[in-house]
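Visitor: Below is the structure I would like to discuss, written out as structure tokens.
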Amino acid sequence: MARFPLPPGSTIGVLGGGQLGRMMAMAAGRLGLKTAVLDPDAGGPAAQVSAVEIVGAYDDETALRRLAQAADVITFEFENVPADTVAALQAAGADVAPGARALAVAQDRVEEKSFLNAAGIETVAFAPIASEQDLIQALRHMATPALLKTRREGYDGKGQAWIESHEAGPAAWKAIGAKPAILEARADFRREVSVIAARGRDGEVATYPLCENHHEGGILRRTTAPARASRKLADHAEGIAHRILDGLDYVGVLAVEMFELDDGRLLVNEIAPRVHNSGHWTLDGCQVDQFEQHVRAIAGWPLGPTAAIARTEMINLIGSDVDQWPKLAAELDARLWLYGKAEARPGRKMGHVNRLTEL
């Protein structure tokens with residue numbers, strides 16, 4: 001097992017080779033650390049900037065052993081890592097952060113909301129759904145419209161269906177593939193906000209300023225930060241993040257997505273045990289961005305400052321939006337980040353741009 005803090009020259013292992021892994025590898029490189037990436041596809045965004053590329057499935061024991069041998073600590077860029085993968089890595093002597101409990105809670109939407117409620121954190125009303133009959137029964141006690149989501153996986157609006165009337169339940173059940181699900185009450189919210197927070201190996205917690213998010217078609221389109229919010233609301237959001245981090249004995253960066261209601265309450269929508277799209281503004285809006293912060297936390301280094309140094313608007317470049325890169329590169333107040341993906345497909349995140357103004 002590695003001894004912490006990891007010295008410069010150590011290797012960070014990353015499960016997943018997409019854009020989050022890419023920016024994590026770039027941050028590690030600035031700190032004199034190397035990165036080894038495991039991904040089923042060769043030549044992905046993270047592999048392009050990493051010292052070691054391992055091509056293999058996430059349940060490939062040979063590939064996992066290679067990663068464990070190459071890395072001093074292992075993390076992941078997405079939360080749907082099979083539990084057996086984490087167990088295999090730990091059996092090979094690897095340190096994995098965040099840990100297995102955080103993964104288990106975040107991978108299952110029912111477990112997630114149950115954990116949050118047990119910690120005294122508010123969410124929308126919900127019901128676990130294992131069958132069409134369960135759904136019909138739950139709809140008798142929950143007003144419509146209501147949202148049906150698969151319990152596991154699903155992102156950017158995938159794996160979910162709105163139910164506009166009780167009679168529409170069976171069609172929604174089929175639309176999500178008749179998989180174990182969660183039925184969620186609709187939240188009449190003013191806006192969606194999120195907070196990015198980190199917890200170190202010594203229990204130190206650092207939170208970034210609250211940000212405001214806008215979605216289109218289930219995909220995050222724009223984040224503005226710091227969000228215009230009262231100190232009371234910001235403190236409440238940070239306190240929620242702190243409770244989650246401590247409750248999971250968490251190490252690394254975590255995102256907490258919340259609904260702000262008209263009465264000032266915050267309902268947690270979901271947590272993401274990793275660096276997050278709504279934290280991309282920190283790349284240019286803070287001295288230490290979320291990716292460096294995550295590397296610092298899992299490597300056992302001190303956490304860095306989180307105060308905003310500018311007001312930042314982050315716009316995702318989705319699909320053909322990336323074709324605007326020549327114009328964006330010419331903007332003096334814009335910071336362009338491209339992910340190295342070969343093909344621009346509808347709904348695919350190809351990059352983002354941060355625009356900065358004075359606080």
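A short reminder: the numbers here are calculations on the coordinates, not readings from a lab. What you are looking at is a predicted structure, and each value in this text was computed from that prediction instead of being measured. So basically every Cβ, Gly included, is an ideal-geometry build from the backbone, and we count neighbours across all protein chains shown.
Visitor: Between Lys232 and Arg3, what length comes free when the chain is fully extended (0.36 nm per residue of separation minus the Cα-Cα distance, one decimal in nm)? Write out the running numbers ahead of the final one.
Guide: On the way: separation 229, 0.36 × 229 = 82.44 nm, distance 3.96 nm.
Working it through step by step, the gained length comes to 78.5 nm.
Visitor: Let me ask another. Calculated FRET efficiency, Arg186 and Thr357, Cβ-Cβ r, R0 45 Å, to nearest 0.05? Don't skip to the answer; put the middle values down first.
Guide: Working: r = 34 Å, r/R0 = 0.77.
E between Arg186 and Thr357, to the nearest 0.05, is 0.85.
Visitor: Let me ask something else about it. Hey, in the GNM for the chain with a 10 angstrom Cα cutoff, which one of Ile315, Ile298, Ile219 fluctuates hardest?
Guide: Looking only at Ile315, Ile298, Ile219, the largest GNM fluctuation is found for Ile219.
Visitor: With the Cα gyration tensor of segment 11-96 giving a ≥ b ≥ c as the square roots of its eigenvalues, does the rule (a/c under 1.5 for rounded; else a/b larger than b/c for prolate; else oblate) give rounded, prolate or oblate?
Guide: Numbers: a/c = 1.71, a/b = 1.36, b/c = 1.26.
It is prolate, given that a/c is not under 1.5 and a/b is the larger ratio.
Visitor: Still on this structure: Using the structure shown, list the pairs from Lys174/Lys341; Lys327/Lys349; Lys158/Lys327; Lys232/Lys349; Lys34/Lys341 with a Cα-Cα distance above 29 Å, or answer none.
Guide: Numbers: Lys174/Lys341 33 Å; Lys327/Lys349 18 Å; Lys158/Lys327 31 Å; Lys232/Lys349 34 Å; Lys34/Lys341 22 Å.
Flagged as over cut-off: Lys174/Lys341; Lys158/Lys327; Lys232/Lys349.
Visitor: Then there's this: Note down the nm distance, to one decimal, between modelled labels 7 Å out along Cα→Cβ at Asp263 and at Lys179.
Guide: 3.5
Visitor: Still on this structure, please answer the following. If R₀ is 22 angstrom, what is the calculated FRET efficiency for the pair Ser114 and Asp246, using the beta carbon separation as r and rounding to 0.05? Walk me through the numbers on the way to the answer.
Guide: Values: r = 17 Å, r/R0 = 0.79.
It comes out at approximately 0.80.
Visitor: With θ set to phi - 60°, apply the Karplus curve 6.51 cos²θ - 1.76 cosθ + 1.60 along segment 259-275 and write out the HN-Hα couplings as whole Hz, x wherever there is a Gly or Pro.
Guide: Calculated HN-Hα couplings, in order: 9, 9, 8, 4, 8, x, 6, 10, 10, 6, 7, 6, 10, 10, x, 5, 4 Hz.
Visitor: Which residue, Ala171, Ala28, Ala146, has the most motion in a Gaussian network model of the chain that connects Cα atoms within less than 10 Å?
Guide: Ala171
Visitor: Report the FRET efficiency, 1/(1 + (r/R0)^6), for Ile136 and Glu270, where r is their Cβ-Cβ distance and R0 is 35 Å, rounded to 0.05. Before the final figure, lay out the partial values.
Guide: Numbers: r = 25 Å, r/R0 = 0.72.
So, using R0 = 35 Å, E works out to roughly 0.85.
Visitor: Which residue, Pro273, Pro346, Pro45, has the most motion in a Gaussian network model of the chain that connects Cα atoms within less than 10 Å?
Guide: Among Pro273, Pro346, Pro45, the largest mean-square fluctuation in the Gaussian network model of the chain belongs to Pro346.
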